Structures are given as C-alpha cells and as structure tokens.
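Visitor: Before I ask anything, let me first share the structure, which is written out below as structure tokens.
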Amino acid sequence: MQSWSPLNSNKYQWLEIKLEQRTEITAIATQGRYGSSDWLTRYLLMFSDTGHNWRPYRQEDSIGAFSGNSNADSVVMYKLQQPVIAQYIRILPLHWNPNGRIGLRLEAYGCQYKSDVVSFDGSAHLLFRPDPSVSLADRDVLSMNFKTLLNSGMLVHMEEHSGHSFTLELFRGKLLLQLRKGSNTAGSRGSSADFHPLVSLGSLLDDQHWHHIRVERVRGLVNFTVDKNTQQFQLPESWSHSEINEISFGGTSAAGLQKSHSRRNFHGCLENVLYNDISVIDRRSSRSQTLLVLLQYLCLSQGNVSFTCPESIDVPVTFASPGSFLALPWVSGGESASVSLQFRTWNRAGLLMTFDLQHNAGTLWLYLSEARARLQIHKTGRIMTDITAGASLNDGQWHSLELAVRRGRLAVTLDRTDSSTASTSFPVAPDSQLFLGGKSGSGCRNPFSVFQGCMRLIRTDGALVDLIRVQQMLFGNFSDLQMDMCGIVDRCSPSRCEHGGRCSQSWSTFHCNCSATGYSGATCHSSIYEASCEAYKHKGNTSGFYYIDMDGSGPIKPQLIYCNMSDKAWMVIQHNNTELTKLKASSGINQHLAHFNYSADAEQIQAIITQAEYCEQELSYHCKKSRLLNTPDGAPFSWWVGRSGEAHMYWGGAVPGSQQCACGLQENCVHPEHFCNCDADSKEWLNDSGLLSHKEHLPVRGLAVGDINRSGSEAAYRVGPLQCYGDNNFWNAAYFNKETSYLHFPTFHGELSADISFLFKTSSSSGVFLENLGIKDFIRIELSSPTQVLFSFDVGNGPLEVKVETASALNDERWHHVRAERNVKEASLYVDHHPGAVQKAPADGHIHLQLNSQLFVGTASRQKGFLGCIRSLKLNGKTLDLEERAEITPGVTPGCPGHCSSYGDLCQNHGSCVEDHSGFTCDCSLSPFTGTFCHKDVSAFFKPGTSVTYTFKEPYKLNRNVSAQSSSIYSDLTLRGENVSLSFRTSQAPALLLYVSSYYREFLAVLLNRNGHLDVKYKLQHNRDAEVFRASGRNLANGQLHRVSVQRLGETLNLIETQTQLFLIAESGEVDPEIARLNALGFTGCLSVVQFNSISPLKAALLYPDTSPVIVTGALSESSCGSSLPTNPYAAETTHSLAGNAINTVPLFLHWFSYRVQQSGS
C-alpha cells in the first residue's frame, strides 16, 4: 500500500482525498509509512462536499483531534460516533514522531449515499398536499436536510384542516418551530399575534453545511430534532388530532411571511425531504400521484426551483489562537483606500485590523471593544482619531465591516447601515502591509486583545483576496490560521447551564450565570438549599421560612416552606383555605365543593411526603343538623379527595376504608349507633375532627360537603395545612465494620454532570468511600489521610485529582460532610466548611464520563476499604438506600448511632444533647431557656402588683406526679456558692432586681439605686451590718436590655454586667429597710431567662405552674420582651471579698420583680 510523506514536515501540510461521490463515512484507520520512523501521533479530520468550506469532525462536541499511531505498522481505527456525509476527506497533521517525519497510510470506511435535492433562490416555494386516504391522523413525521449561507428564512409551513398551522423557520442561525392558532374554518388565517414560538434548536446553521431536521408528532406529543439534539413538548389538546392539509416548502405566500420572524423565504437547498415516508422531491417516481400534484404546483410557483444544489465558494479563515494573524501586502492606490470583510465571533474585544500609515503618520487600529467596533489612530502616544460604530457584534452572527478613506474623510460602516465618520488632516492609507486579527514581528506590540473568530470575503480596494493562494503561501503571510473553514462553535447550544442558568460565551469557553436560580457551580448544577427542614435543623436553624430542594440537583424546583422547629422539624405546606369555613342551608344547592391549591406543586408535595417519616393533615367538620358519612349503613353525604384524585369516605382520626370518624374508631361517639358524631343529625352543635395520616392519600385536594340543603342545616369545615416531619434520606446510614465490606448499587450515570454528597465518621486514617469503574473511565472518593479527602476520576483525558486538606483530623468519630461535583467545565470538592478545591477541565478534552461496572460504596478493588459510618449518600440528588442494602450484606450494619458528638454543640445555654435513633434532641431542663436548641428565652413583662414567689425546701422529695420537665426546678442547694443570672429592661430607678434571704435574715440583693447604677447589697451573717458593693457607674435604667450575672463562691463575689439581662428577688416580712422600701415601689419592666444555680424560677412559673413550687400574684404571661442578645465580649467583671460566711439555712423565699434594658453600643 502506498503512503504519504510530504517533502516538508510542518503544520501547514495536509492530505486530501476526493471520493467518487458523496459517501456516508463511518470509520477511519491510519498507519505509519512502511519500514520507517514516520507516523502521525495526532491529527485533525476534515470533511467537505466541494473541496472548500471544510468542517472538522468533533467527538463529543468538543474533541477535534484524533490520537494517531505509536509506530509505523500498527493500525489505529476510529469508528465515528456520528457518520459523516462527504465527498472530500482531509487529514491535517498536528504532531508526528519527533525522531521521524510526517508519514501516513489511510483507509476510510463507508457506503454509498443517496441524495435527492431541491434548491430555492429566496423567492420561490413549492406546495405538497398529502393524500387524505393514506394520512395517519395520530402520527406525522417530517424529515429533511438543509444547507444555506443566509441566517434567516422560512423552510416549511404546514396547514391543518382546522386552520392551525406549523411553521419551521430559520432565524438568526437557529431553527424555530412555532404554531399559529386558527379558526374552525379550514384555510382561515389569524393575526400575527397568533404565532407562538414553541421550541428553538440549533445554532450557527448558516454555515453552508448539511443539517438534519426531524419533526415527529404522535397525537399531542412532538419530538423536534436538529442534528443530534432533540426537544420534546406537548401540544394543546385542540392540536392533538388534526390532519395536515397542505405543506409549503421553501417559504409561503407574502401574507404568511409578514407574520413570521424572518419575513423572507428560504435561500438554500433541501435534501431527502420525507413526509410520512413519502419522498417529496424524488423526480424519478413519475408514476406517483403525489408527484403529479407537486408538479402542478411547481408550474404555478414563482421564482427559481431547481433539483440541483449550487455551491457558493466562500473561503472563510479562522483566527483560533493568540498568535493568529494574516498579513496582506498593500499597493498604494492614491488618495482613497478601502478594506472590507465579514466576521463573526463570541468575544467582546479583539483586534480586527491594523496598519502603519504612510509617511510615518501613525498607526491605525480597528478593534472590537465592548462588542462595538472602534477605530483609533495613534501617533507618538497620542490618539489622533477615535470613532465607534455598531453594537452587540459578539453575537456569533456574520457582520460586514467596511473601512473607507476618501479625500480626508474616514468612515467605518457596520452591516451596511451603521456608519461613523471622521475628518483627518493627513492621508490615511497603509504603508506596505495590512494586518488582520493580529500583528507579526518581534518589535511590534498589540495594545488590544487578539481577535478570535472567523473572517471571509476580505476585499482590499474592492478586490477579493484569494485566500487559497494565501494558504498555498503564494500571497501574503500568516500564522496559526485555519484556512478554508470557520471553526466557530456555539457552546451555549445546547446550553450546558442547568436549572435555568443563563449561558454566555467567549471563543474558547462558556459561563453560566446562576443568580436567582437556587443553584450554584460552573453549570448551575448543585442546589444551594437543603433537602428538608430536618437538614436545616441540624445546621442550627430555628423556626422560619426556608427554601427546600427535595432532590438537590434533580429536576424538582426549590420551594419556600415554613419549618416549625419544635421537638420535631415539621414541614408546613399551606393551601388557599386553612380557616374554618361556615356553610348554611341554601335552596337549590345540594352540595358544596371546595378545591385546595397548595403553596407547593404536586411533584414537590409527593417528594416531601415520600421522603418524610410521618405526615398529617387536620380534617374537621362542625355540624348542626347536617350529617357527614351517614353511618352506619347509608351512602356518605360528604367525602374528601386525596393526592391521586380518588374520593375517600373516612374522616380525620379514622383508618382508610373504614367509613368512620375518630369517635367511631374510639367507640365514644355521642350516639353509639353511629360512627360519627354528626351522623346523629342533632340540632345541637357537634363536631368530628381528627388527623389524616395515611401518607399515600395526602394531601387533601378537594372536599365535597352534602346535607346542607335542609332547613336549619348548618355546618363548618376546616382542612389544615399539610405537615410532615422526619427525613428518611437524611438519616439513612450504614456502618462498615470490615475493610473488605462494601455495598453495591447500579452503575452511576453522570455522563456530563455528576454530584456526590454524603456524611461520614470514622476512626480510621484512610479508606475508599465509594468508586465506580468503566473500561478506562472511573470515579472515586476516598479518605487518603486523616487530614485529606481525595476526589479522583478519568473521563478519557487521563486521571485527575482534586484534594482538600483540613487543619484538623477527620478521623475523630464526628460527622463530616463531603460534596464532590464534576461537570464539563470543572471538578470541585468541599469538606465541611473548609476551603474547597477546584480542578478545571482540559480545554477541548473528553467530556463524557462512561462507567459500566456497579457502583461500590466501600471498595471491591484492591484499594483499602472504609471502616466507619456513611450517611445520606446522594448521587445527582437521588439518595441511595444504604440501610436496605446493608440488611442483606455481611460486614455492614444498617444505621449508625452517636450523633451528639457532632451535633451536641447546637444545644445552647447549658442544654444537654440526648441521643435519638434518628438524630438528637436538646434537653433544656437545666437551662432557663427553652426551644429546639434551648435558644429561646423565657420572658415576662411585670407591672406593679405582679409577683412570683418561689419556695425551696431541703431536703425536697419529688412527688411521683411531678412531670419530668418541671423536676428540673428542684435541686439540692449548696449555699456556700450561688450563681444567679438574669436579663432586664426598665426605665425605673430605684428598683430592686434580686433578693435572696434565709430564715435568719441573711440576704443578697442586687438593685438599681436612684441614679440607675447597679449595686449589690449583702448580709451573710445576721449579727453583722449589711455591706454595699457598687458595681456600675452608669445608668442602666435606660429602657435598654442588660444582663447581670452574680457569682459567689465562699467569701468571693463576682459581678458580671453585660448588655443582656438581670433578675429581682424580694421577700415579704422583716427585711432590710432599704430593700423593703424598694419592694413597696413595685416594678415595671421586663425580666428574662432568670436562673438561680440550676433553678429557672420564671420558666417554672410560666411553663409549669401546676407542678412547680411557685406562687404567682397578679397577671403574668409570657412575652417576647427579653429576646436574647449575643454575648458581649466586652462584659465588665468585678471581684469583691465578702466579709462573712456562706448562707447555710433554708428554706429560701424568692419573690421577684424583673425588667430588662437593651444598651446600645458595647
């Protein structure tokens, strides 16, 4: 076999092969030159129908280069993923054996390609009327190929018998499939407002290459395909069964064009046009009745329709790299000069042309800036001329540019309409050379960005530049140009931006704007929201509205939902009528129907219910002479409709299918012979209420209420919000107790986007969390050391690694969160809140991750396995059921206890963490706070006459009837030390804040004096005088919030004053005169989070008054007046030595008024 080896081995060589006819090429094979050291290691494969306007073959839409040979004899074959139709093949060497030369033996594989074509000149169209006897009413298929140099024009217009019409239109290089609503009269035409774009597909389709279209309608479902991309959409019901009456190819009438976007007919060629397998342009089937109809219309059509496809020989050139430029010689033509060209690019900036002026008059620069054309003439550092023209020139469309100089006037014209001019006092003409795209020479400097894009139809002084001669190095000079092709690629069609992210691009990359989408990352793939209220709770969030994304990176949109963080994390989904709705008898109305629209859509609600541990919804019916289910044996008067649209005849509190209410199930109905209270038909008000909790039936979508048309009938109903708690996915865990143990799942499909997230805890120093292998590709996440997590993968470009190093060890038996993502742009890895790591994808590399083995959690390879727990493992938003698989797998145990080590810090204010099977709870019994995390302060507003008295007795024996919650208020008192804290807000001075006393008139008091200063008065021996310690020199009776903490140990008293709270205790009886006077004044203000050692007396009085030793005088109710403030880092602490011993007598009588002041500033 002969081989090819050019005389010079450089990047400007190519091998071109012309086939006998257009051929469908399916594979290509290469060898080196026989018996030599000459072979290609990397090359480009190009195709063409004409020997011009070449098109590179791209693998996976990004890979342009093929890997070649490693020796002269072995054969390397590539089966083309998408066969190519062409008559010309060209091989462009990129790299070859460095110890040899370019050498190649080549074989191409394929088969003959049949082609029937028709061309349109932009003024003609032809009609086709399908035979009604063979038309398929429920299915239509239209397929064809087209090619054109113009970016707009109508390809197909289809009319239906109903008057509806479909239009397939090329507009700005994209295909629009749109419909127009018609009337019931066939052939009638609506207004232009009746046109509705449905789908836009493709881009840059005006490249004079063949593109494939297929439109398939099956009833109301349409598949629209352009080349390799398909979109599917549903037609309105009225369109589902229509029949096509007439098809117009190449355009339509003038009236129809006025209603289109392009307002012009198609100029170009159509090939192999098939409608329901009937060839529309096969002239050889002269016996076909369809052809006779077609020929009849052809004779009547205007314009030129021919059955050949003429080729326009436009030679484009691509400036693809920073070193690209084209230099053309310039011959002076006198006082006038002109340069014109067409260009297309995605870049907002780049040098279009430059040249030095004659007689050293300066340098002219014509460049793109902010997507506008700008011309400047520079001379000795000064800008002599500065004009701009055009706008949005980076849209990928072809734009014409002309620079003209005539008699001292300079003009820049864009797209023949937008022109800017300037006058010059010096001649503007190139000295000797014109540079396009860049500039050569070691001494030159380009002050502007390089141009990356395509140019064509370059003219100097009106003469078209022969770029083929330039390519053959017979004219001009160039570097790093791709001749006779336009290599522009639309990286936003189809868009790789997910979830509504907006795609923008430059020549070499694209960018996704994820703002307002709820997603993040290079392709807007990963959700920024949690999947449940349970997840928010375990981040320390309290009750409020949160966006919930049930499936993470999946298709379900985030939804704003209220999270009620009580002992459980409840998700509350409201609907349009949660209030009690009253009904009265009304003549002519036998039934009341109610429909409920929820704040989340059906898909979101179903995901919430499926994922939740438990769901409920209140359903209540209040009745007066209005029967409900008509029990025991009658037909129900009322029912409710659930999620699937099925009517249910059981009521809240009963079981599905029972036709009962709660009282019937509990056998306590007002009348035992009925299963619902309302079925007694009583003239008195009764009700049947309860909770619906069968998840498969929820939520309540509708309600039908009957028996309201009789005289005297009255009723009222209420359907509460849907409420769910628990997250089965969040706590789904498995414990791996052997390094050789693993769980296996089906192959992970994340070809273009893959995100993996999970939590782990371990004491092991290393181990593989999960892996999935392919023939060459793989993906793996592992703990490579106690302080490093490693994410490694290969998509065909060689193994890549992303590492995150942490300052502290991760094998500490605490939960750690890992998030890994890989997309077409980059790979990223995040561990907890540590700084993440990002690895950019190789430019023009492989992008598809192709895996074929099972996914292993743990490892089945020779890698070191994982020891420990893995929880909440999600792949592309779907949670793997680790517990189900662990049930049947040796060495793996479902579930994983021990959550307080990770989440215990969420319990605030001395609350203690209590382990639960699915998570944890905070025990607030020893804290003056309450709430999910012991974060909610307990406050009350006091007025004169309101007081609370708390009595201690020692030893105190707990009553068996005392609740666990209130038992915390009792404790053994060790009175050699006290720890008292409280918050207050008041404008009253003087005021008593705290008073502790014993039977022996020993006391400790905290008060505000008449100046609002904080004093501590104490008497620790009854036979000694009281002492006063002044702790503050500023006025605290300022209506702001303050916190005071009094700590005594033996003879030392510490007083800490911060900007939060304080507390008052007083005692009736014989007390210090000053204390008695202050006590008699009463107290107006707010008291919050009062604590005496482990006792929370205000909390006991407000929340557990019936089981606590408290006496409340006057009106006392919980208030929000003492909202907690963060701890003040500048709190002042004072230590004082007490002249006395500890208080050692009990009981203590605590009687307090309280208030709170917020201090602005520190």
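The values are calculated or read from the model by the stated rules, or taken from the named source; none is laboratory data. Quantities reported herein were computed from a predicted structural model and do not represent experimental measurements. Ideal geometry is used to build each Cβ from the backbone, glycine not excepted, and the neighbour counts take in all protein chains shown. The area values use the complete protein model at the heavy-atom level, side chains included, leaving out ligands, DNA and RNA. Shrake-Rupley method; radii C 1.70, N 1.55, O 1.52, S 1.80 Å.
Visitor: Those residues that are surrounded by fewer than 21 Cβ atoms within 10 Å (Cβ to Cβ) and of a type in the set (A, V, I, L, M, F, W, C), I need them from region 610-638; list them, please.
Guide: Listed by number, the residues that qualify are A635, F637.
Visitor: Something else: Could you tell me whether region 265-276 includes any residue that is among the hydroxyl-bearing types (S, T, Y) and at pLDDT below 65? Spell out the reasoning first.
Guide: If we filter region 265-276 for residues that are among the hydroxyl-bearing types (S, T, Y), which is where we start, we get 275.
Among the residues that remain, those that are also at pLDDT below 65 are: none.
Among the residues of region 265-276, not one is among the hydroxyl-bearing types (S, T, Y) and at pLDDT below 65, which makes the answer no.
Visitor: Please specify each residue of region 1026-1043 satisfying the condition of being open to solvent by 20 Å² or more (accessible area, probe 1.4 Å) and closer than 23 Å to N979 by Cα. Let's see the steps before the verdict.
Guide: Just the residues of region 1026-1043 that are open to solvent by 20 Å² or more (accessible area, probe 1.4 Å), to begin with: 1026-1031, 1033-1035, 1038-1040, 1043.
Answer for region 1026-1043, where residues must be open to solvent by 20 Å² or more (accessible area, probe 1.4 Å) and closer than 23 Å to N979 by Cα: A1026, E1027, V1028, F1029, R1030, A1031, G1033, R1043.
Visitor: Taking L849 and the conditions (1) under 30 Å from H899 (Cβ atoms); (2) open to solvent by less than 50 Å² (accessible area, probe 1.4 Å); (3) assigned to a loop (DSSP other than H, G, I, E, B); (4) in contact with an Asp or Glu (Cβ under 7 Å, 6 or more places away or on another chain), which numbered condition does it fall short on, given that it satisfies the others?
Guide: Status for L849: all satisfied but (1).
Visitor: Considering only region 389-426, state which residues are of a type in the set (S, T, Y) and free of Cβ contacts under 8 Å to residues at least 60 places away in the same chain. Lay out the reasoning, then the answer.
Guide: At the first step, the residues of region 389-426 found to be of a type in the set (S, T, Y) are 392, 400, 413, 417, 419-421, 423-425.
S392, T413, T417, S419, S420, T421, S423, T424, S425 - these are the residues of region 389-426 that are of a type in the set (S, T, Y) and free of Cβ contacts under 8 Å to residues at least 60 places away in the same chain.
Visitor: Still on this structure: Please verify whether L142 is in contact (Cβ under 8 Å) with a residue 60 or more places away in the chain, under 37 Å from the mean Cα position of the chain (by Cα), closer than 21 Å to D227 by Cβ and open to solvent by less than 20 Å² (accessible area, probe 1.4 Å), treating the condition exactly as stated.
Guide: Numbers: in contact (Cβ under 8 Å) with a residue 60 or more places away in the chain: yes; under 37 Å from the mean Cα position of the chain (by Cα): yes; closer than 21 Å to D227 by Cβ: yes; open to solvent by less than 20 Å² (accessible area, probe 1.4 Å): yes.
Criteria met by L142.
Visitor: Do we have A612 as on the phi < 0 side of the Ramachandran plot and within 18 Å of the chain's Cα centre (by Cα) here? Give the steps one after another, and end with the answer.
Guide: On the way: on the phi < 0 side of the Ramachandran plot: yes; within 18 Å of the chain's Cα centre (by Cα): no.
Considered against the rule, which asks whether it is on the phi < 0 side of the Ramachandran plot and within 18 Å of the chain's Cα centre (by Cα), A612 comes out as no.
Visitor: OK, next. When the residues of region 1093-1106 are filtered to those that are at pLDDT 85 or above and of a type in the set (S, T, Y), which remaining residue is least open to solvent (accessible area, probe 1.4 Å)?
Guide: Taking the candidates together, the pick is S1096.
Visitor: Looking only at region 884-906, how many residues end up being among the aliphatic types (A, V, I, L, M) and part of a loop (DSSP other than H, G, I, E, B)?
Guide: 1
Visitor: Pick out the one residue from Y621, Y650 that is in a strand (DSSP E or B), within 29 Å of N709 (Cβ to Cβ) and not basic (K, R). It would help to see each step written out before you state the result.
Guide: Values: Y650 fails: in a strand (DSSP E or B).
Among Y621, Y650, only Y621 is in a strand (DSSP E or B), within 29 Å of N709 (Cβ to Cβ) and not basic (K, R).
Visitor: Mind counting the residues in region 924-951 that are without any contact (Cβ under 8 Å) to a residue 60 or more places away in the chain and over 16 Å from T542 (Cα atoms)?
Guide: 1
Visitor: Restricting attention to region 530-567, which residues are within 24 Å of R718 (Cβ to Cβ), in a loop (DSSP other than H, G, I, E, B) and modelled with pLDDT of 90 or more?
Guide: Within region 530-567, the first condition is being within 24 Å of R718 (Cβ to Cβ), and the residues that meet it are 533, 543, 545, 559-564, 566.
The next check asks that each one be in a loop (DSSP other than H, G, I, E, B); those that pass are 543, 566.
Result: S543, single match.
Visitor: Shifting gears a bit: Considering only residues that are open to solvent by 10 Å² or more (accessible area, probe 1.4 Å) and of a type in the set (S, T, Y), look in region 518-537 and name the one that is farthest from S553 (Cα to Cα).
Guide: Looking at the filtered set, the residue picked out is Y536.
Visitor: While we're on this one: Looking only at region 41-87, count every residue that is farther than 22 Å from A841 by Cα, in a strand (DSSP E or B) and open to solvent by less than 20 Å² (accessible area, probe 1.4 Å) and tell me the total.
Guide: The qualifying residues number 6.
Visitor: I've got another one for you. Which residues, counting only those in region 864-883, are in a loop (DSSP other than H, G, I, E, B) and over 12 Å from S741 (Cα atoms)?
Guide: Keep residues of region 864-883 that are in a loop (DSSP other than H, G, I, E, B), which gives 864-867, 876-877, 880-881.
Scanning region 864-883 gives N876, G877, L880, D881.
Visitor: Would you check if L583 is over 17 Å from P558 (Cβ atoms), assigned to a strand (DSSP E or B), touching a Gly at 6+ places or on another chain (Cβ under 8 Å) and not β-branched (V, I, T)? Spell out the reasoning first.
Guide: Numbers: over 17 Å from P558 (Cβ atoms): yes; assigned to a strand (DSSP E or B): yes; touching a Gly at 6+ places or on another chain (Cβ under 8 Å): no; not β-branched (V, I, T): yes.
For L583, the condition - over 17 Å from P558 (Cβ atoms), assigned to a strand (DSSP E or B), touching a Gly at 6+ places or on another chain (Cβ under 8 Å) and not β-branched (V, I, T) - is not met.
Visitor: Moving on to the next point. Taking the condition of being in contact with a Ser or Thr (Cβ under 6 Å, 6 or more places away or on another chain) and either free of Cβ contacts under 8 Å to residues at least 24 places away in the same chain or among the hydrophobic types (A, V, I, L, M, F, W, C) (or both), how many residues in region 331-369 meet it?
Guide: Quick first cut of region 331-369, residues in contact with a Ser or Thr (Cβ under 6 Å, 6 or more places away or on another chain) only: 339, 342, 346-347, 349-350, 356, 365.
Checking which are either free of Cβ contacts under 8 Å to residues at least 24 places away in the same chain or among the hydrophobic types (A, V, I, L, M, F, W, C) (or both) leaves us with 339, 346, 349, 365.
Result for region 331-369: 4.
Visitor: Hey, another quick one. Name the pairs whose Cβ atoms lie under 7 Å apart, with the first residue in region 204-233 and within 26 Å of G396 (Cα to Cα) and outside any strand (DSSP E or B), the second open to solvent by 60 Å² or more (accessible area, probe 1.4 Å) and charged (D, E, K, R), and 6 or more positions between them or separate chains?
Guide: These pairs meet every condition: L205/K174; H209/R55.
Visitor: For region 423-475, which residues satisfy the criterion of being at pLDDT below 85, more than 16 Å from S338 (Cβ to Cβ) and over 51 Å from the mean Cα position of the chain (by Cα)?
Guide: S425, F426
Visitor: Now for a different question. Does E684 satisfy being assigned to a loop (DSSP other than H, G, I, E, B) and either charged (D, E, K, R) or loosely packed, with under 15 Cβ neighbours inside 10 Å (or both)?
Guide: Answer is yes for this residue.
Residue-by-condition table, conditions (1) modelled with pLDDT of 90 or more; (2) open to solvent by 60 Å² or more (accessible area, probe 1.4 Å); (3) within 27 Å of L1041 (Cβ to Cβ):
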| residue | (1), (2), (3) |
| --- | --- |
| G898 | no, no, no |
| C907 | no, no, yes |
| T921 | no, no, no |
| L926 | no, yes, yes |
| D937 | no, no, yes |
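Visitor: Hey, which of the strands (runs of 3 or more DSSP E) in region 299-369, taking only ones fully inside, have at least 2 residues that are among the β-branched types (V, I, T) and more than 17 Å from E402 (Cβ to Cβ)?
Guide: On the way: elements: 317-319, 325-329, 337-344, 350-356, 363-369.
The strands (runs of 3 or more DSSP E) meeting that bar are 317-319.
Visitor: A further question on this structure: Any residue at all in region 461-469 that's more than 23 Å from A349 (Cβ to Cβ), among the acidic types (D, E) and open to solvent by 30 Å² or more (accessible area, probe 1.4 Å)? Reasoning before the result, please.
Guide: Our first condition is that a residue be more than 23 Å from A349 (Cβ to Cβ); within region 461-469, this holds for 461-469.
With among the acidic types (D, E) added as a condition, the list becomes 461, 466.
Those left that are additionally open to solvent by 30 Å² or more (accessible area, probe 1.4 Å): 461, 466.
Yes, the conditions are met somewhere in region 461-469.
Visitor: Inside region 431-447, can you point out the residues that are crowded, with 20+ Cβ neighbours inside 10 Å and part of a loop (DSSP other than H, G, I, E, B)? So that I can check it myself, show each step before the final result.
Guide: Going residue by residue through region 431-447, those that are crowded, with 20+ Cβ neighbours inside 10 Å are 434-439.
Within region 431-447, G437, G438, K439 meet the criteria.
Visitor: What pairs come up if the first residue lies in region 991-1006 and is over 14 Å from F942 (Cβ atoms), the second is among the polar types (S, T, N, Q) and modelled with pLDDT under 80, and their beta carbons are under 6 Å apart, counting only those six or more places apart or on different chains?
Guide: Once the first residue is over 14 Å from F942 (Cβ atoms) and sits in region 991-1006, its partners that are among the polar types (S, T, N, Q) and modelled with pLDDT under 80 give S998/T1145; Y999/T1145; Y1000/T1145; F1003/S997.
Visitor: Pull up region 370-400, narrow it to residues that are outside any loop (DSSP other than H, G, I, E, B), in contact with a Gly (Cβ under 8 Å, 6 or more places away or on another chain) and modelled with pLDDT of 95 or more, then point me to the one that is surrounded by the most Cβ atoms within 10 Å (Cβ to Cβ). If you could, list the steps in order and put the result at the bottom.
Guide: Filtering region 370-400 for residues outside any loop (DSSP other than H, G, I, E, B) gives 372-379, 382-389, 399-400.
Next cut, in contact with a Gly (Cβ under 8 Å, 6 or more places away or on another chain) only: 372-373, 377-379, 384, 399.
Remaining after also requiring modelled with pLDDT of 95 or more: 372-373, 399.
Values: R372: 19, A373: 24, H399: 22.
Checked region 370-400; the qualifying residue surrounded by the most Cβ atoms within 10 Å (Cβ to Cβ) is A373.
Visitor: Scan region 127-137 for residues that are at pLDDT 75 or above and either among the β-branched types (V, I, T) or more than 18 Å from V305 (Cβ to Cβ) (or both) and jot them down.
Guide: Filtering region 127-137 down to residues at pLDDT 75 or above leaves 127-130.
The answer is P130, and nothing else.
Visitor: Given the condition closer than 20 Å to N590 by Cβ, under 51 Å from the mean Cα position of the chain (by Cα) and surrounded by fewer than 23 Cβ atoms within 10 Å (Cβ to Cβ), answer yes or no: does some residue in region 649-665 qualify?
Guide: Yes, region 649-665 contains at least one residue that is closer than 20 Å to N590 by Cβ, under 51 Å from the mean Cα position of the chain (by Cα) and surrounded by fewer than 23 Cβ atoms within 10 Å (Cβ to Cβ).
Visitor: Right, here's the next one. Just to be sure, is V857 crowded, with 16+ Cβ neighbours inside 10 Å, in contact with a helix residue (DSSP H, G or I) (Cβ under 8 Å, 6 or more places away or on another chain) and touching a residue at least 12 places away in the same chain (Cβ under 8 Å)?
Guide: Numbers: crowded, with 16+ Cβ neighbours inside 10 Å: yes; in contact with a helix residue (DSSP H, G or I) (Cβ under 8 Å, 6 or more places away or on another chain): yes; touching a residue at least 12 places away in the same chain (Cβ under 8 Å): yes.
Against the criterion (crowded, with 16+ Cβ neighbours inside 10 Å, in contact with a helix residue (DSSP H, G or I) (Cβ under 8 Å, 6 or more places away or on another chain) and touching a residue at least 12 places away in the same chain (Cβ under 8 Å)), V857 qualifies.
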